[in-house]
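Notes for the one structure printed next.
No value in this document is a laboratory result; all are computed from the given coordinates. Keep in mind the model is a prediction, meaning the values are calculated, not measured. Note that each Cβ is placed from the backbone with ideal geometry, even for glycine, and that neighbours are counted across all protein chains shown.
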Amino acid sequence: MTDSARDAISSTGQALGESTVPAPRRPVRRLALSPSRASDFKQCPLLYRLRAVDRLPEKATKAQVRGTLVHAVLEELFAKPAAERVPATAYALVEPAWQKLQQERPELAEELFTGAEDPEQEPWLASARGLLDSYFGLEDPRRLQPEACELLVETELDNGVLLRGYIDRLDVAPTGEIRVVDYKTGNAPREIGEAKALFQMKFYALALWKLRGVVPRQLQLMYLANRETLKYAPDEAELRRFERLVSAIWQAILTAGRTGDFRPSRSRLCDYCNHKALCPEFGGTPPAYPGWPEPTADAETVLDRTD
Ligand code: SF4
């Protein structure tokens, strides 16, 4: 990484010559690469820019929020004693989890529904319970004792790339073997969704390998909508190659960040893009480039944690 690039991602943005009385400072988070944003850049550099640099608001979808809800319920479920991890417990956690999500993001209910009386809300909550039902068809959580759920992993590669992400669940066997588990609740096109999911899992495997010196034994993707589990065993050589790929993506992001040259890359995923109206590929004009962002205290939203 060049010095200017390092400066660009490590500056706290404090101006020189200001008062010497230390003002209370909110903690700032250095910009890092997450699997979601790396996938965005691979898919379309302009999409990355609009999300990560411009940070344009995106309207949450019912499917996204339902995914966040199901993840929250599964996290709560694993916090309970093993014997209580039965379907009835999980179903009972749905409504409180939805209330909690609305407290964190009061605008969500209005974005998704016309109000608390919207007749679509109950079937939507029922569909979240349906996904939990599928989960119980795939495994029995009473037999598991995860080391962590919603685990934040953050590590810096030798070349200065900072990786950051949340792992849905980490299982560690008494022998020390690690299994990374990710729940998928969405309906992304199967082949595209799988490639993205595998990229995400290798990202976590790389971060864990760097943090713990152990290559995870298994990466497990649980597709709740169609009750399928995919298992993958990475090896060290593969993670080394992946590390080079991730570093190359970050270097490309930094280069684009310096010049503002984030080009659109049209694909059939454009149908899912929130920013089509601003995209030159579809006759739109993006806002003026705001410059590379300073680190902030709120670098992610609640929905960033759920793919
Ligand atoms: S519409 Fe397609 S090309 Fe345009 S920004 Fe979105 S993903 Fe990129």
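Annotation for LEU152 and GLN102: the two label points, set 7 Å from Cα along the Cα-Cβ direction, are 2.8 nm apart. Between rounded, prolate and oblate, where does region 40-177 land on the alpha carbon gyration tensor, with a ≥ b ≥ c its root eigenvalues, rounded for a/c under 1.5, else prolate if a/b exceeds b/c? Oblate is the answer for region 40-177, as a/c is 1.5 or above yet b/c matches or exceeds a/b. Straightening the chain between ALA63 and LEU230 buys 58.0 nm, computed as 0.36 nm per residue apart minus the Cα-Cα spacing. In region 72-155, taking the dipole from charged Cβ atoms about the Cα centre, the farthest positive-side position among PRO106, PRO81, GLN121 is held by PRO81.
With R₀ fixed at 35 Å, the C-beta to C-beta distance from GLU238 to TYR289 puts the FRET efficiency at about 0.45.
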